[in-house]
1. Of everything in segment 303-347, what is at pLDDT 90 or above and of a type in the set (A, V, I, L, M, F, W, C)? Give them in sequence order.
2. What helices (runs of 4 or more DSSP H) lie completely within segment 149-204 and have 3 or more residues being modelled with pLDDT of 85 or more and over 18 Å from the mean Cα position of the chain (by Cα)?
3. When you go through (1) over 30 Å from ARG19 (Cα atoms); (2) at pLDDT below 85 one by one for ARG125, which number turns out not to apply?
4. In segment 17-30, what count of residues is obtained for those that are farther than 14 Å from ASP57 by Cβ and touching a helix residue (DSSP H, G or I) at 6+ places or on another chain (Cβ under 8 Å)?
5. Could you check segment 352-362 and list, in sequence order, the residues that are touching a Leu at 6+ places or on another chain (Cβ under 9 Å) and either loosely packed, with under 14 Cβ neighbours inside 10 Å or assigned to a loop (DSSP other than H, G, I, E, B) (or both)?
6. Check segment 17-37 and report whether any residue there is modelled with pLDDT of 90 or more and either at positive phi or small (Gly, Ala, Ser) (or both).
7. Does SER4 qualify as being over 17 Å from ASP57 (Cα atoms) and modelled with pLDDT under 90?
8. Please identify the pairs in which a residue from segment 184-203 that is farther than 19 Å from SER459 by Cα has its Cβ atom under 7 Å from the Cβ atom of a residue that is part of a strand (DSSP E or B), counting only partners at least 6 apart or on another chain.
Amino acid sequence: MKSSSRSTLLIVDDNYGARYSIEALLAQDNFRFVFAQSGQEALDILEEETPDLILLDVMMPGMNGYETCRKIREIEKVSEVPIIMLTALDDEESMIEGIEAGADDFLPKPINKLELRSRIRSIIRLNRFRKLCNERHKFELVVAQSNRGFLILDSDNRIRFSNTSARKMLEQSKRPFEEDSFFSICKEVYTLHPFDIEQAIEKCEEPSEYPPFTMVRKEQSESPIKWIQATFHPLGLESGNQKFLRLEDITEQITSFREKHTFSRMMSHKLLTPLNTIKAAHQMLGASPSESQVKHVAKIQESGIERLEYDIRSILAFLDSENSQHSEISLQEARQIIETVGADIQLLLKIETQGPTEDILKISAHDFEACVREICENAVKFSSQSTPTLEIEMVSDPQNRELALSFLSNSNQLSSSELANVWRPYWQADRYQTGEVQGMGLGLALVAANVWSAGGTCSMQNHPSQKGVLVSVTLPFRG
């Protein structure tokens with residue numbers, strides 16, 4: 001096998017003394033030598049070896065140097081290996097024949113040591129440079145055609161290289177943006193999650209060890225929502241502080257994830273709640289119920305049937321909608337959803353509203369309900385008290401055009417590693433688990449997906465002055 005630390009020379013000469021002489025002349029240059037006594041033996045060796053340079057004697061019995069050279073050039077994997085022909089012939093016709101056979105250079109016999117070393121070093125250096133250029137050209141061709149974005153950033157996060165897909169994702173395809181800061185360009189179009197990713201990367205000794213981060217462009221009238229996952233990878237070269245960043249459009253995966261889990265949540269609660277009501281009412285009837293009992297049960301069942309019919313129509317309307325994220329809800333509807341969810345799961349709610357209530361939220365009722373239900377169910381699941389409670393503030397901010405929601409539960413507090421991972425989408429959490437609370441991650445990933453899709457933010461922290469966990473959500477108003 002070829003050594004990675006030394007250049008390999010194949011010396012082809014039928015004369016043992018000549019082979020030994022060349023080896024002795026180059027003994028101090030740390031080359032690896034492979035020898036062949038004939039042209040055929042050289043061809044056999046080249047089936048297994050790929051040398052950096054071939055020294056080929058012209059005058060050999062049987063297959064001479066010219067014929068050997070021509071056959072080497074016909075072997076694809078070694079066709080570009082440099083060949084220096086060693087010859088005692090100095091006439092023009094011999095040199096022309098050598099060039100036509102594919103030789104790169106000639107050395108006259110007897111061999112001059114200094115000239116031999118100089119020629120070999122120059123040709124090997126040029127050959128390595130050519131190989132690097134070829135590999136870089138192949139890399140650039142592959143990268144240019146990829147549907148993934150690739151960027152190389154310097155130590156200041158300025159863009160040194162970007163392919164077409166990266167420029168399209170960053171919406172900069174119409175102008176060159178090398179030398180610009182990646183994060184500055186990114187923030188013109190996207191919201192970054194986590195928001196402090198730039199500072200986190202600066203503190204990280206090896207960016208490729210940092211988990212992927214998410215770039216979200218909220219939906220606008222002329223452009224749909226877009227999700228990009230950004231991942232740092234080792235550059236694989238001795239290139240100082242440069243960083244290799246891959247961008248991947250995960251909009252389809254996120255959309256599928258949101259639709260699947262939002263719908264399944266809606267189905268399970270909207271259908272099971274009225275069915276449980278009807279079932280419970282039926283169980284109230286004894287063997288010989290009185291007329292008043294029958295009327296009471298019938299009234300409960302009628303209410304459950306009406307609720308079931310309403311919810312089925314709601315589900316059908318959801319399925320008929322081409323794109324649920326186009327829907328909007330009023331602040332009054334948002335509060336009503338919160339109250340309904342709290343009643344469904346028997347959670348004690350304390351709701352406080354501040355500010356005007358006339359604005360409209362840019363989120364669908366189904367997405368909002370899915371978020372509220374996840375937060376409320378976690379408050380019940382992880383409550384440290386026998387009676388789970390949830391204090392909710394709804395602060396309307398007309399100036400910043402957003403609603404700030406805070407959910408303070410009496411849940412057990414979380415560790416720093418758990419808090420760092422609660423919002424991670426499922427395809428990241430599986431790979432970068434660092435103590436995520438069992439049973440929590442998937443639901444809160446859905447909350448993050450729905451809130452970020454609406455152009456909002458979400459955060460979670462242990463309450464600083466009392467026991468409990470505080471979830472904060474902001475959602476933009478229409479307009």
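1. ILE329, LEU331, ALA334, ILE337, ILE338
2. 182-189
3. Condition not satisfied by ARG125: (1).
4. Residues that pass the stated criteria total 3.
5. Within segment 352-362, GLY355, PRO356, THR357, GLU358, ASP359, LYS362 meet the criteria.
6. Yes, segment 17-37 contains a residue that is modelled with pLDDT of 90 or more and either at positive phi or small (Gly, Ala, Ser) (or both).
7. Against the criterion (over 17 Å from ASP57 (Cα atoms) and modelled with pLDDT under 90), SER4 qualifies.
8. These pairs meet every condition: CYS186/LEU192; CYS186/MET215; VAL189/ARG217.
The values are calculated or read from the model by the stated rules, or taken from the named source; none is laboratory data. On a predicted model such as this, the values are computed, not experimentally measured, just so you know. Reconstructed Cβ throughout: ideal geometry from the backbone, glycine too, with neighbour counts over all protein chains shown.
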